[in-house]
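J.: Sharing a structure here in structure tokens format.
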Amino acid sequence: MTCARFRINALFCLLAAMPAAAIAQAYPVKPVRVIVPLAAGGSTDNNGRLMAEKLGLALGQSFFVENRTGASTDIGIGTVARSAPDGYTIGVVPLGSVATGILLRKLPYDPFKDLAPIGGISKGALVIVVSSGSAYQTLADLIAAAKAKPGAVSYGSIGIGSSHHLAGELLKMMTGADFLHVPYKGASESNLAVLSGQIDSSISGSSSIANQVRAGKLRTLAVTNGTRVPSVPGVPSVAEYVPGYSAGAGTLSLMTAGGTPGAIIARLNTEMRTALKLPDVIKRLADAGEDPSPSTPEELAAELRGEIEKYTNLVRTSGLKLQ
């Protein structure tokens, strides 16, 4: 055995003998993998990288981001769920994707057994956007076109069964407009498809389209929340066109493998909450149309249960059926 390997083994033997508080104090002793379950360039990726940057600075270790895309976030989140419960693999988890996944597809993990909540990162709005050169000036224009030409007017989402997809299907059900759903691996791909004219519109997180809107490349038609939101000023809600409609975005969070020592989770949560108070973090989120959404692990778990209940009621009362 080499001296270097002996020292590493000795270090981990020492850690194994430490009480939980001491382990948390020593953590992290090696780089931490941050799994983003969506493609690079979208709001989930951007905010995940922001949090990885701040945690790395605070804890003096590398927090490196790895994009594991596909299956409406199930591949990436499943990677976190199957990882060792030691805090060295954490995931950027959109609560809406987990909540809708339980209802609409068979998840490859149990969110309450295989995942351990760390804390909330941010919350924004879902928005319906078109390219700046689009003939659709309002959401009413888009709905009218989809009614006149069934299946000819398309919208993109971050994947089948995502909250973005569910928002679009609810719009179809409540208006009778036959939109064509086109799933992508992430918001950046969906928005690029709008910009290039491959699809007519996209339902995206407000932060993922903020730069393109400011540059005059995309136009925001509506927010999917039941009311207007401060982070997207001057933009009407879908409910102003379709009374009773509401399908807002859930919190973006950090989670790790179930069974991870509570002391490690508590340390990560403390550093997250500290980072979310930093002026530059607040500004970067605000510039992207989002607000910090810090929470304790217990609060995040309760919010996930609330999201599941919300979407369960939505699917049950609407009779929504997904292709």
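J.: It is to be established whether one or more residues within the range 14-26 are buried (at least 19 other Cβ atoms within 10 Å of the Cβ), modelled with pLDDT of 95 or more, of a type outside the set (D, E) and under 34 Å from the mean Cα position of the chain (by Cα). Spell out the reasoning first.
T.: Filtering the range 14-26 for residues buried (at least 19 other Cβ atoms within 10 Å of the Cβ) gives 23-24.
In the following step, the residues that additionally are modelled with pLDDT of 95 or more were identified as none.
No.
J.: Then there is this: So, A210, is that one crowded, with 22+ Cβ neighbours inside 10 Å and not in a helix (DSSP H, G or I) or not? Steps first, please.
T.: Numbers: crowded, with 22+ Cβ neighbours inside 10 Å: yes; not in a helix (DSSP H, G or I): no.
So A210 does not fit the description; no.
J.: Taking L59, is it surrounded by 19 or more Cβ atoms within 10 Å (Cβ to Cβ) and of a type in the set (A, V, I, L, M)? Reasoning before the result, please.
T.: Working: surrounded by 19 or more Cβ atoms within 10 Å (Cβ to Cβ): no; of a type in the set (A, V, I, L, M): yes.
Taking the combined requirement at face value, the residue does not satisfy it.
J.: Go through the range 135-153 and give me each residue that's over 20 Å from A239 (Cα atoms) and either part of a helix (DSSP H, G or I) or in contact with a Phe, Trp or Tyr (Cβ under 7 Å, 6 or more places away or on another chain) (or both).
T.: The answer is A148, V153.
J.: Among all residue pairs at least 6 apart or on different chains, which show Cβ distances below 9 Å where the first residue, located in the range 242-255, is on the phi < 0 side of the Ramachandran plot and the second is part of a loop (DSSP other than H, G, I, E, B) and among the charged types (D, E, K, R)?
T.: Taking only residues 6 or more apart or on different chains, the pairs are L252/E290.
J.: Something else: Just give me the residues in the range 270-292 being hydrophobic (A, V, I, L, M, F, W, C) and part of a loop (DSSP other than H, G, I, E, B), in sequence order.
T.: The initial filter retains those residues of the range 270-292 that are hydrophobic (A, V, I, L, M, F, W, C), namely 272, 275-276, 278, 281-282, 285-286, 288.
Once the filter is applied, which keeps residues that are hydrophobic (A, V, I, L, M, F, W, C) and part of a loop (DSSP other than H, G, I, E, B), the range 270-292 yields L276, L278, A288.
J.: Tally the residues that are closer than 30 Å to G258 by Cα and either surrounded by fewer than 17 Cβ atoms within 10 Å (Cβ to Cβ) or within 18 Å of the chain's Cα centre (by Cα) (or both), restricting the search to the range 103-157. So that I can check it myself, show each step before the final result.
T.: Here is the first cut: in the range 103-157, the ones closer than 30 Å to G258 by Cα are 103-126, 157.
Of the ones still in play, those that are also either surrounded by fewer than 17 Cβ atoms within 10 Å (Cβ to Cβ) or within 18 Å of the chain's Cα centre (by Cα) (or both) are 103-113, 115-126, 157.
Qualifying residue count, the range 103-157: 24.
J.: Sticking with this structure for a sec: Out of (1) in a loop (DSSP other than H, G, I, E, B); (2) touching a residue at least 40 places away in the same chain (Cβ under 8 Å), what's the single condition that is false for R228?
T.: Every listed condition holds for R228 apart from (2).
J.: While we're looking at this one, here's another question. For the range 282-295, enumerate the residues that are surrounded by 13 or more Cβ atoms within 10 Å (Cβ to Cβ) and out of contact with any strand residue (DSSP E or B) (no Cβ under 7 Å at 6 or more places or on another chain). Break it down into steps so the answer makes sense when it comes.
T.: Of the residues in the range 282-295, the ones surrounded by 13 or more Cβ atoms within 10 Å (Cβ to Cβ) are 282, 284-286, 288-295.
Across the range 282-295, the qualifying residues are R284, A286, A288, G289.
J.: Continuing with the same structure: In this structure, is V194 more than 19 Å from the chain's Cα centre (by Cα), of a type outside the set (K, R) and not assigned by TED's automatic domain parsing to the domain that holds A99?
T.: Values: more than 19 Å from the chain's Cα centre (by Cα): yes; of a type outside the set (K, R): yes; not assigned by TED's automatic domain parsing to the domain that holds A99: yes.
Yes: the conditions hold for V194.
J.: Could you tell me whether any residue of the range 181-188 is under 24 Å from R284 (Cα atoms), free of Cβ contacts under 8 Å to residues at least 40 places away in the same chain and not assigned by TED's automatic domain parsing to the domain that holds L38?
T.: Taking every residue of the range 181-188 in turn, none turns out to be under 24 Å from R284 (Cα atoms), free of Cβ contacts under 8 Å to residues at least 40 places away in the same chain and not assigned by TED's automatic domain parsing to the domain that holds L38.
Residue by residue, here is whether (1) in a strand (DSSP E or B); (2) buried (at least 20 other Cβ atoms within 10 Å of the Cβ); (3) touching a Cys at 6+ places or on another chain (Cβ under 7 Å); (4) not β-branched (V, I, T) holds:
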| residue | (1), (2), (3), (4) |
| --- | --- |
| K54 | no, no, no, yes |
| V65 | yes, no, no, no |
| G76 | no, yes, no, yes |
| T79 | no, no, no, no |
| G101 | no, yes, no, yes |
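J.: Turning to a different aspect of this structure: Looking only at the range 248-271, filter to residues that are surrounded by 24 or more Cβ atoms within 10 Å (Cβ to Cβ) and within 30 Å of V315 (Cα to Cα); which one of those is nearest to the chain's Cα centre (by Cα)?
T.: My answer is L252.
This table checks each residue for (1) assigned to a helix (DSSP H, G or I); (2) within 30 Å of G60 (Cα to Cα).
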site	(1), (2)
Y245	no, no
A266	yes, yes
P294	no, yes
R305	yes, no
K310	yes, no
V315	yes, no
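The values are calculated or read from the model by the stated rules, or taken from the named source; none is laboratory data. Note that the structure is predicted; figures quoted are calculated from it, not measured. As a convention, Cβ positions derive from the backbone with ideal geometry for all residues, glycine included, and neighbour counts pool all protein chains shown.
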